[in-house]
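The values are calculated or read from the model by the stated rules, or taken from the named source; none is laboratory data. Note that the coordinates shown come from a computational prediction; the quantities given were computed from them, not determined experimentally. Using ideal geometry, Cβ is built from the backbone for each residue, glycine included, and neighbour counts are taken over all protein chains shown. Note: accessible area is taken over every heavy atom of the protein model, side chains too, but ligands, DNA and RNA are not part of it. Shrake-Rupley method; radii C 1.70, N 1.55, O 1.52, S 1.80 Å.
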Amino acid sequence: MKKVVERAPGKREARKEERREAILEIAKREFLDHGYSGASMSAISAELGGSKGTLWSYFPSKEELFAAVLDHATREYRSRLADVLKPGEDLRAAVLQFCRGFIAKISSSDGVRLHRLIASEVGRFPEVGDIFYRRAPQPTQQLLADFFEQSMDTGMLRREDPLFAARILASLCLGVQQRVMWGQELSAAELDSEAERIAEVFLRAFAPG
């Protein structure tokens, strides 16, 4: 059987990818600083340099650019989460690790600013909420649900709708973010303590039997 050799991307492809990464970094700052409605494709293009056509050739609309920014911002997190939520992993350790990582992400400066952006814009621009949900909460909840379904099949969790269980755990973690959004300053030790307590509450609530 002939071995397929994957070629490294050429210089042109590498430059295109670098350009795309630069656009996403600039756009992320623009959205966080000015909101969805205030973000300007012209301002992003001006900071990027070159013609406006360059930006539009990568992202034909502000909606598509916003979606790409969210994908880019959550890609690494989803990859780490997939490593945590593997079949056969220790359930208690996995749930605790999820809580720690999720709380850290949503309570970070960018995480809080993003949620404020969504909350302030979704009334006027419903598409913002839809884009955000499909690229952030939904895939996170689905990864959790798949993991919980396996845990239910093996008797480590009581039988329940696994997606419901995922939403419960995510909602408990989001309660910590709300405290940060309302101006409370929580230390790393306090965030870790909250993660441990949430994990324990969840595991007791869904304990088998």
Eigenvalues of the alpha-carbon gyration tensor of segment 167-209, times 5 and square-rooted, give semi-axes in Å, largest first, of 23, 12, 5
Rg from C-alpha atoms of segment 126-209, normalised by the globular rule of thumb 2.2 N^0.38 Å, equals 1.24
Per the Cα gyration tensor, the chain corresponds to an equivalent ellipsoid with semi-axes, largest first in Å, of 35, 24, 15
Per residue, the convex hull enclosing the Cα atoms of segment 102-169 spans a volume in Å³ of 87
With a 1.4 angstrom probe the carbon and sulfur portion of accessible area for segment 140-209, in percent, totals 52
Rounded to whole Å², per residue accessible area for the chain with a 1.4 Å probe reads 59
For the chain, the longest principal axis of the Cα atoms and the Cα long axis of helix 188-205 enclose an angle in degrees, to the nearest 10, of 50
So the angle from the long Cα axis of helix 62-84 to the longest Cα principal axis of the chain, reported in degrees to the nearest 10, equals 40
With a 21 Å threshold on alpha-carbon distance, the violating pairs from Lys11/Lys62; Lys16/Lys52; Lys28/Lys62; Lys16/Lys62 are Lys11/Lys62
Label model pair Glu63, Arg113: point-to-point distance (7 angstrom along the Cα→beta-carbon line) in nm is 2.6
Computed about the Cα centre, the charge dipole of the chain from +1 Lys/Arg and -1 Asp/Glu charges at the Cβ has a magnitude in debye, to the nearest 20, of 640
Of 118-124, 49-55, ordering from highest average Cβ density within 10 Å down gives 118-124, 49-55
Scoring the chain by relative contact order with C-alpha pairs under 8 Å, at least six apart, yields a percentage of 22
